[in-house]
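All remarks here apply to the structure that follows.
Laboratory data are not the source of any read-out in this text; all were calculated from the coordinates shown. None of these values were measured; they are calculated from a predicted model. Neighbour counts are summed over all protein chains in view; Cβ atoms, including those assigned to glycine, are modelled from backbone coordinates with ideal geometry.
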Amino acid sequence: MHDVLKVNMMANIHDENDHIAAHTNEDLTKQHIYAVNVMGAPGVGKTTALKNIIRNLKDLKPYVIEGDIESDIDTKDLRGLGIDTFQINTFGACHLDAPMVHNMIQNMKFDEKGVLFIENIGNLVCPAEFSIGEHCKMLISTVTEGSDKPYKYPLAFEKADVILLNKVDLLPYLDFDEAFFMKGVRALNREVPVFKASGKTGAGFAEVADWLEKKAAEAKAVQHHHGDGKTEHHHDHESSCIDRHDRLEPWRISCPTEKP
Amino acid sequence: MHEFPITQQIIKIAEKHATELCASRIKSIKLVVGDYSGFVGDSIQMYFDVISEGTLCEGAKIEIEHVKPKMKCTGCGELFEREFLSFSCPKCGADGEPTQIGKEFYIESIEIER
């Protein structure tokens, strides 16, 4: 006769992901890097938005991790502009998770304080559910997707720390109901800044870049770089927690499952 | 489709606890899954049956408690389930704000044999 026992656990299934994300966040903070998780559906202009933001950065060096299911088209494009860019290919997975980004970060070289843009897989659902170690979640929405998106994909809008409403140059040709869009955004996220932008004309991105540089300057990472000596790191893990690989040069294309 | 790695994670957590308690097998796993957690119960069960082969979880039954998301009215404080394309409170019409209700995703308990 077996002894049957019910065991109460209350174990959060995301704990391991969140633990690794905290690890990444701490690593980046120590290296004076402010990380932005860039989320949005396929085709909202994430990479074009990044180019526009990067063009307008004044004080911080840009670094990029491109997340794509397959291909390195965007990475080649950004490297062509001289931007340190790394590629994660998920080969089917619909979002980046903390282990993928953590492995990549261990292989990156940050020679100056800066902003790391982590462009997530084009998807308005799953990326919002996973922390990857970012300091800030940036959601890119567009007038072409329609004004009902906050109502249909509420989690992405709720979790965003900043929202770009992109492709506004197309407004004259569309029936985008901005009041309805903003009512949905405000119900989900009362304080989030919303910037109107156009990847085509470049309008609006100087303001986004200014906002990001201010947020980064407020973060411990950058204050520490200026030598105020106030930075403290409470989340102290052993470096053996996750394998550290040799650092890669920026042009190296790597898949998270591939050991360099 | 991200239920596959998540199901692996569920098995890993359940096995860790069961091993610590010297269990010979896990009979059932109770999950609490909010509708806004982004995870589909049927997919978890499908992956579970395949991935659990050869583990302490093999043959275990997955029980899922679903939780409907609720908003909290900023006017009257009512907790309510939203209508499509609306965040308005059905009682007073003011906007609701998000709550944690409906985002749950955890293993509540396991039943083990030893």
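Would you mind computing, in nm to one decimal, how far apart the modelled labels at A:Glu16 and A:Asp169 are, each placed 7 Å from Cα along Cα→Cβ?
Each label point lies 7 Å from its Cα, and together they span 4.6 nm.
Ignoring solvent entirely, what values of log10 I(q)/I(0) come out of the Debye formula for region A:15-89 at 0.13, 0.18, 0.21 Å⁻¹ when each Cα is a single scatterer?
Log-scaled intensity ratios, in q order: -0.46, -0.86, -1.10.
How many angstrom lie between the C-alpha centres of region B:84-114 and region A:165-214?
Region B:84-114 and region A:165-214 have Cα centres spaced 29 Å from each other.
Just to be sure I understand: with springs between alpha-carbon atoms less than 10 Å apart, which residue in B:Cys92, B:Cys57, B:Cys73 has the highest mean-square fluctuation in the Gaussian network model of chain B?
Of the options given, B:Cys92 has the highest mean-square fluctuation.
Reported to two decimal places, what Rg/Rh ratio describes chain B when computed on Cα atoms with Rh from the Kirkwood expression?
Working: Rg = 17.9 Å, Rh = 15.6 Å.
Rounded to two decimals, Rg/Rh equals 1.14.
With angles folded into 0 to 90 degrees, how steeply does helix B:3-20 sit against the dominant principal axis of chain B? Use alpha carbons for both and round to 10.
Computed tilt is about 60 degrees.
Amide H of A:Phe86: which non-local residues (sequence gap of 5 or more, or other chain) have their own amide H closer than 5 Å, using H built in the peptide plane?
Here the answer is A:Val64, A:Ile65, A:Glu66, since their amide H atoms fall under 5 Å of that of A:Phe86.
Once label points are set 7 Å from the Cα along Cα→Cβ at both B:Glu97 and B:Glu53, what is their separation, rounded to one decimal in nm?
According to this spin-label approximation, the distance is 5.0 nm.
Suppose we keep just the DSSP beta bridges with both residues in the protein assembly as shown; what percent of those would be antiparallel, to 5? Mind dumping the intermediate values first?
Values: 22 of 60 bridges.
Just about 35 percent of them are antiparallel.
HN-Hα J couplings of region B:60-77 from phi, Karplus 6.51/-1.76/1.60, θ = phi - 60°, integer Hz, Gly and Pro as x?
Taking θ as phi minus 60°, the curve returns 5, 9, 9, 10, 10, 9, 8, 10, 6, x, 10, 9, 10, 5, 6, x, 9, x Hz for region B:60-77.
Ranking A:Cys136, B:Cys22, B:Cys89 by Cβ neighbours within 10 Å, fewest first, what do you get?
Working: A:Cys136 18, B:Cys22 9, B:Cys89 21.
The most exposed by this proxy come first: B:Cys22, A:Cys136, B:Cys89.
Where both residues lie in chain B, what percent of DSSP beta bridges are antiparallel, nearest 5? Please report the intermediate quantities before stating the final value.
On the way: 14 of 21 bridges.
Counting DSSP beta bridges with both partners in chain B, the antiparallel share is about 65 percent.
GluC sites (Glu not before Pro) within region B:75-114: which are DSSP loop residues with at most 12 other Cβ atoms inside 10 Å?
Numbers: sites: B:Glu78, B:Glu81, B:Glu83, B:Glu104, B:Glu108, B:Glu111, B:Glu113; in loops: B:Glu78, B:Glu81, B:Glu83, B:Glu104.
Loop-located and lightly packed - B:Glu83.
Mind sorting A:Lys46, B:Lys70, B:Lys16, A:Lys30 by how few other Cβ atoms lie within 10 Å of their own Cβ, fewest first?
Values: A:Lys46 25, B:Lys70 18, B:Lys16 11, A:Lys30 14.
Ordered by Cβ neighbours within 10 Å, fewest first: B:Lys16, A:Lys30, B:Lys70, A:Lys46.
On the principal axes of its Cα set, how long, how wide and how thick is region B:52-114? Give whole Å, largest value first.
That works out to 54, 21, 13 Å along the principal axes.
Taking only Cα atoms of the protein assembly as shown, what ratio of Rg to Rh do you get with Rh as the Kirkwood inverse-distance radius? Before the final figure, lay out each step's value.
Numbers: Rg = 22.2 Å, Rh = 22.4 Å.
Here the Rg-to-Rh quotient is 0.99.
Are there trypsin sites (Lys or Arg not before Pro) in region A:74-158 that DSSP puts in a loop and that have at most 16 other Cβ atoms within 10 Å, and which ones?
A:Lys109
If you take the C-alpha gyration tensor of region A:66-154, multiply each eigenvalue by 5 and take the square root, what semi-axes do you get, largest first, in whole Å? Walk me through the numbers on the way to the answer.
Numbers: eigenvalues 116, 47, 39 Å².
Value: 24, 15, 14 Å, ordered largest first.
Need one word for region A:1-56: rounded, prolate or oblate. Basis is the Cα gyration tensor (sqrt eigenvalues a ≥ b ≥ c); a/c below 1.5 gives rounded, then a/b vs b/c decides.
Numbers: a/c = 7.13, a/b = 2.31, b/c = 3.09.
Because a/c hits 1.5 or more and a/b fails to exceed b/c, region A:1-56 counts as oblate.
Which whole-number percent is the relative contact order of chain B (Cα, under 8 Å, 6+ apart)?
Relative CO of chain B lands at 36 percent.
Determine the alpha carbon to alpha carbon distance for each of A:Lys113/A:Lys215; A:Lys152/B:Lys91; A:Lys159/A:Lys200; B:Lys70/B:Lys103; A:Lys152/A:Lys183; A:Lys137/A:Lys196 and list only those over 19 Å.
Values: A:Lys113/A:Lys215 14 Å; A:Lys152/B:Lys91 22 Å; A:Lys159/A:Lys200 27 Å; B:Lys70/B:Lys103 10 Å; A:Lys152/A:Lys183 13 Å; A:Lys137/A:Lys196 17 Å.
Long pairs (Cα-Cα over 19 Å): A:Lys152/B:Lys91; A:Lys159/A:Lys200.
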